[in-house]
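K.L.:
Got a structure for you, questions after.
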Amino acid sequence: MANIVAVTSCPTGIAHTFMAAESLQRSAQALGHTIKVETQGSVGAQNTLTGAEIAAADVVVIAADTKVDLSRFAGKPVYQTSTNAAINDGQAVISAALAQAQALAERPNAAARKDYVAEVQEAKARRSAAASGPYKHLMTGVSYMIPFVVAGGLMIAVAFAVGGINADKATGTLGGALFQIGGPAAFALMVPILSGFIAYSIADRPGLAPGMIGGMLASTLGAGFLGGIISGFIAGYAVYWLNRVIKLPRNLAGLMPVLVLPVLGTAIVGLLMEYVIGTPVHLVMTALTAWLVGMQMSGAVALGLLLGAMMAFDMGGPVNKAAYAFAVGLLGSHVYMPMAAVMAAGMTPPLGLALATFLFKNRFTTDEQEAGKAAGVLGLAFITEGAIPFAARDPLRVIPANMIGSAVAGALSMAFACQLRVPHGGIFVLPIPNAVTNLPMYIVAIAAGTLVTTGALFVLKRPVSKAVSQPVAEETAAATAVPVAA
């Protein structure tokens, strides 16, 4: 029996984080091992690992799609993978991690074991960077940016509710104060935070200051979220490169993270933003914003169809997150229609599945029908991942049905000119005054997308036999219910 500790983390810190944790816990129990999983979710770290627990562990499993600080696991065999790998086959992840730990244990001495740990981690880092490094870095930045956008968007919405349509111009009033908190304060930090934590994901702490300064320059130069993404990658890779090229004497090595790397990294990204990148990206952002604001009905509907289909394609994967990050980034430019389309489309798959399991019981197993109730709750909360267990069981029918319904929801939201000022919350932000414009038709868009998904599931899925594979059904219900408990 092995003693395992693990950390799970996903960009939004909601569904995949807890689904991966649950999968690892069940898999370890099935294999006869003990495990403690720390979840680094949207509310911070939970079930935090102590120093004693880490010291007693035989292996560390990191199932994460964002940057996780590994410094506290020094000297331990660390196995890194994605949340999807842990969700899909937790037993395989644990077996691979223990195989690595066994290989380390067979090394002849402690020094050799330490060298091998570094060698394995470096090899995994190279493989990760070659496969999906930029995406992981971008999602780290987005995950840290989201709370600022949520807080700022809600403050602006409440400001207009309290102070009226001219709250942004008022002074000395509660509405004016709330607008100042949400707009010039919270929203002003959006791009620097995005840029800073992209750089942090690439180069660790030395990249944070150059990244945030580059992001602030992107904001002041009008380069927006595109400029912030570019400055974050420039700062991160510049600091990463400098850290490997510059070699100081051992007694001066302490100057690298606090003086040499931040100063040189800031100079590089700052000068590039000022003289090379800032103006062209500003022109691109201006053109993009003008196109989105002034697009005609046909263009709006087409964009809504595309964003909606992307949200349902992989339900929390790279395509889904690309659409989500695009819409969130536009909030800083006061373009709110794509965000509304994205949230409506993201709510539709689990809501449509929940309704289908209620109306068309003969197309779902008994356990899927029970899981549908939890999927409905997740859909109301804008957690698209609630549809994943159903899609994993029958992808060729469920995914197309989800995409059709989400595309309809996104297109209708754009056609109705609905705007959303906050990037998350689902149905729970709808009652907040001015958080959503044209609220009745926005509800119609969500309802229509849900009904289309349900209808498509009725057409595409076939009645199931009464002989049901119990382990698969149990996994479906458990995976769907985890985020609700959290």
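K.L.:
Scanning for something closer than 14 Å to P134 by Cβ and either crowded, with 24+ Cβ neighbours inside 10 Å or in contact with a Gly (Cβ under 7 Å, 6 or more places away or on another chain) (or both), does region 217-226 turn up at least one residue? Spell out the reasoning first.
P.N.:
Step one: list which residues in region 217-226 are closer than 14 Å to P134 by Cβ, which gives none.
Taking every residue of region 217-226 in turn, none turns out to be closer than 14 Å to P134 by Cβ and either crowded, with 24+ Cβ neighbours inside 10 Å or in contact with a Gly (Cβ under 7 Å, 6 or more places away or on another chain) (or both).
K.L.:
Tally up the residues in region 238-254 that are outside any helix (DSSP H, G or I) and either touching a helix residue (DSSP H, G or I) at 6+ places or on another chain (Cβ under 8 Å) or at pLDDT below 80 (or both), please. Before the answer, list the steps.
P.N.:
Of the residues in region 238-254, the ones outside any helix (DSSP H, G or I) are 246-249, 253-254.
Right, trim to either touching a helix residue (DSSP H, G or I) at 6+ places or on another chain (Cβ under 8 Å) or at pLDDT below 80 (or both) and you get 246, 248, 253-254.
Result for region 238-254: 4.
K.L.:
Please verify whether T357 is assigned by TED's automatic domain parsing to the domain that holds P431, over 16 Å from L457 (Cα atoms) and touching a helix residue (DSSP H, G or I) at 6+ places or on another chain (Cβ under 7 Å), treating the condition exactly as stated.
P.N.:
Working: assigned by TED's automatic domain parsing to the domain that holds P431: yes; over 16 Å from L457 (Cα atoms): no; touching a helix residue (DSSP H, G or I) at 6+ places or on another chain (Cβ under 7 Å): yes.
For T357, the condition - assigned by TED's automatic domain parsing to the domain that holds P431, over 16 Å from L457 (Cα atoms) and touching a helix residue (DSSP H, G or I) at 6+ places or on another chain (Cβ under 7 Å) - is not met.
K.L.:
Kindly provide the set of residues from region 309-325 that are within 21 Å of G425 (Cβ to Cβ) and more than 12 Å from the chain's Cα centre (by Cα), ordered by number. Spell out how you get there, then give the answer.
P.N.:
Residues of region 309-325 within 21 Å of G425 (Cβ to Cβ): 310-312, 315-316, 320-325.
Residues satisfying the conditions are M310, M311, A312.
K.L.:
Let me ask something additional. Given the conditions (1) more than 21 Å from the chain's Cα centre (by Cα); (2) under 17 Å from L261 (Cα atoms), and given that F179 satisfies all but one, which numbered condition is not satisfied?
P.N.:
Of (1) more than 21 Å from the chain's Cα centre (by Cα); (2) under 17 Å from L261 (Cα atoms), only one is false for F179: (2).
K.L.:
Separate question: For region 43-98, name all the residues that are out of contact with any Pro (no Cβ under 8 Å at 6 or more places or on another chain), closer than 24 Å to A387 by Cβ and buried (at least 18 other Cβ atoms within 10 Å of the Cβ).
P.N.:
Matches in region 43-98: A63, A64, T81, S82, T83, N84, A86, I87, G90, V93.
K.L.:
Another one. Does region 355-373 contain at least one residue that is closer than 16 Å to G455 by Cα, among the aliphatic types (A, V, I, L, M) and over 28 Å from the mean Cα position of the chain (by Cα)? If you could, list the steps in order and put the result at the bottom.
P.N.:
So the first thing to find is which residues in region 355-373 are closer than 16 Å to G455 by Cα, and the list is 355-364, 372.
Within this subset, residues satisfying the condition of being among the aliphatic types (A, V, I, L, M) are 355-356, 359.
Applying the additional criterion that residues be over 28 Å from the mean Cα position of the chain (by Cα) yields 359.
Scanning region 355-373, I find at least one residue that is closer than 16 Å to G455 by Cα, among the aliphatic types (A, V, I, L, M) and over 28 Å from the mean Cα position of the chain (by Cα), so the answer is yes.
K.L.:
Scanning for something in contact with a Phe, Trp or Tyr (Cβ under 7 Å, 6 or more places away or on another chain) and not in a helix (DSSP H, G or I), does region 312-330 turn up at least one residue? Explain how you work it out, then say what you get.
P.N.:
To start, the set of residues in region 312-330 that are in contact with a Phe, Trp or Tyr (Cβ under 7 Å, 6 or more places away or on another chain) comprises 318-320, 329.
Checking which are not in a helix (DSSP H, G or I) leaves us with none.
No, region 312-330 has no match at all.
K.L.:
Checking the structure you have, find out if any residue of region 23-37 is surrounded by fewer than 17 Cβ atoms within 10 Å (Cβ to Cβ), at pLDDT 90 or above, in contact with a Leu (Cβ under 7 Å, 6 or more places away or on another chain) and of a type outside the set (F, W, Y).
P.N.:
No, region 23-37 contains no residue that is surrounded by fewer than 17 Cβ atoms within 10 Å (Cβ to Cβ), at pLDDT 90 or above, in contact with a Leu (Cβ under 7 Å, 6 or more places away or on another chain) and of a type outside the set (F, W, Y).
K.L.:
If a residue must be of a type in the set (F, W, Y) and more than 21 Å from S333 (Cβ to Cβ), how many such residues does region 215-263 contain?
P.N.:
Looking only at that region, the number is 3.
K.L.:
Same structure, new question: Could you run through region 263-313 and say how many residues are in contact with a helix residue (DSSP H, G or I) (Cβ under 8 Å, 6 or more places away or on another chain), hydroxyl-bearing (S, T, Y) and at pLDDT 90 or above?
P.N.:
Matching residues across region 263-313 total 1.
K.L.:
Moving on to the next point. Please report, ordered by residue number, the helices (runs of 4 or more DSSP H) entirely within region 387-460 with at least 2 residues that are without any contact (Cβ under 8 Å) to a residue 24 or more places away in the chain and of a type in the set (A, V, I, L, M). Please lay out each step first, then the result.
P.N.:
Details: elements: 388-393, 395-415, 439-460.
Here the list reads 439-460.
The values are calculated or read from the model by the stated rules, or taken from the named source; none is laboratory data. This structure is a prediction, so every number in the text was calculated from the model and none was measured. When we count neighbours, we look across all protein chains shown, and the Cβ atoms used for this are built from the backbone with ideal geometry, even at glycine.
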